[in-house]
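The values are calculated or read from the model by the stated rules, or taken from the named source; none is laboratory data. Predicted model, so just to flag it, every value in this text is computed and none were measured. Here the Cβ positions follow ideal geometry from the backbone for every residue, glycine too, while neighbour counts run over all protein chains shown.
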Amino acid sequence: MKKADVVNMILGNKLNNSPGSSVKAFAPTNIALCKYWGKRNQELNLPITGSFSISMGIYGTTLELSMSETEQDLIFYNDQPVDSNTTFHKRLTAFLDLFRQKKQWHFHFKSQANIPIAAGLASSASGFASTVQALNELFQWQLNQKELSILARLGSGSASRSVSPGFLEWYAGTDEDGMDSYTEVFPHPWPEMRIGMMMISTKEKALSSREAMQRTIVTSPLYSSWPKKVDGDLREIKQAIQQKDFNLLGKIAESDAMAMHATMLSAWPPICYSLPETVSFMQKIWDARQQGLSLYFTQDAGPNLKLLFLEKDTAAVQTLFPEIKIVQPFE
Ligand code: PMV
């Protein structure tokens, strides 16, 4: 099964809809509290396990999309034209090709992200989610959240969790066509939650999460225990949110991230996204916790940490980590 087959299953005749004029869409980026690490289908980005995320409030991608009379797509990222030889350009045009019913259709694509690209802050998630949302508006497809999340997943897995704000669960599903692998909002907002973005490096990562996931599955002796770990974490994190038990949420999120990185460290060649500073900051967080502060972290495929805490501890966290940027996910 190819991506184009899934697009056809979802859009059918709507692929022939005529485009409207310019549209604007915003998608927040998201941070997984229970991670997605490993695909059961690489073409369709179908995951081996479910995952669970929180969106990053006002941080994400705003996209202005219209049709262009030009012979190729005109792509701008943060006001700069994107060179057609870059991976970014190729990946994006390949994605747009899925929805280009007529060969002569080209897009004017103006994307603005207020997050550093490819630094483990999931800029591709909000990028593909905003693309799907803008296309949905431009062609008046009137898709629901489930369908939008399936289409966004074809761009990048974690993008399926960026089609709505709040807590989102992405179901692994078992169907070969992935129609049962979509996201749903977990309807228990927690307005007091805060995320502190600790930027350790904004350099683009050397190893993509796609390659790293595959290497982990094939070579890590620890990978076989990962699905079981995620199953338990998913169950517990939802309980923690429903019971507003922040220490349980923090513990599950931090332990889930550490387990994901442990499977990567045991891959061959080993995969280590942490820098020395990443580990120093982890130790500072553990020390603060020892002193009684309810402070936890999570880490994705990059050296940066995302701190998890509650509004009431903002001043204490800021005193310890003045460099963090604080996000209100439910703003
Ligand atoms: O969707 P991708 O290919 O960018 O992979 C995301 C992988 C992690 O960020 C490490 C985990 C996750 O669930 O977001």
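Filter segment 148-191 down to the residues that are more than 14 Å from the ligand (Cβ to nearest atom), of a type outside the set (D, E, K, R) and free of Cβ contacts under 8 Å to residues at least 60 places away in the same chain, then identify the one that is surrounded by the most Cβ atoms within 10 Å (Cβ to Cβ).
L148
Can you confirm whether F95 is surrounded by 14 or more Cβ atoms within 10 Å (Cβ to Cβ), under 14 Å from V132 (Cβ atoms) and within 14 Å of the ligand (Cβ to nearest atom)?
Yes, satisfied.
Before we move on, is R194 within 12 Å of the ligand (Cβ to nearest atom) and either closer than 24 Å to D231 by Cα or touching a strand residue (DSSP E or B) at 6+ places or on another chain (Cβ under 9 Å) (or both)?
No: the conditions fail for R194.
Would you be able to say whether some residue in segment 297-314 is buried (at least 18 other Cβ atoms within 10 Å of the Cβ) and in contact with a His (Cβ under 8 Å, 6 or more places away or on another chain)?
yes
Can you spot a residue in segment 268-289 that is closer than 18 Å to K35 by Cβ and touching a Gly at 6+ places or on another chain (Cβ under 7 Å)?
yes
Conditions (1) among the β-branched types (V, I, T); (2) under 13 Å from T61 (Cα atoms); (3) modelled with pLDDT of 95 or more, marked per residue:
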site	(1), (2), (3)
F76	no, yes, yes
H89	no, no, no
A94	no, no, yes
K103	no, no, no
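Can you confirm whether segment 271-291 contains a residue that is among the basic types (K, R), under 23 Å from V230 (Cβ atoms), more than 15 Å from the ligand (Cβ to nearest atom) and surrounded by fewer than 20 Cβ atoms within 10 Å (Cβ to Cβ)?
No, that holds for no residue.
Going by what's in this entry, would S149 be described as of a type in the set (S, T, Y), touching a Lys or Arg at 6+ places or on another chain (Cβ under 8 Å) and modelled with pLDDT of 95 or more?
yes
Given (1) touching a helix residue (DSSP H, G or I) at 6+ places or on another chain (Cβ under 9 Å); (2) within 16 Å of the ligand (Cβ to nearest atom); (3) closer than 27 Å to T298 by Cβ, where does K3 come up short, assuming only one miss?
Here K3 meets the rest and fails (3).
Pairs only if they're at least six apart or on different chains, beta carbon under 8 angstrom, first in segment 246-266 and on the phi < 0 side of the Ramachandran plot and in contact (Cβ under 8 Å) with a residue 24 or more places away in the chain, second away from the ligand (no atom under 11 Å from the Cβ) and of a type in the set (D, E, K, R); list them, first residue then second.
Hits for this filter: I252/D233; I252/E236; D256/K229; D256/D233; A259/K229.
Which of (1) more than 18 Å from the chain's Cα centre (by Cα); (2) away from the ligand (no atom under 16 Å from the Cβ) is the odd one out, the single condition Q145 does not satisfy?
(1)
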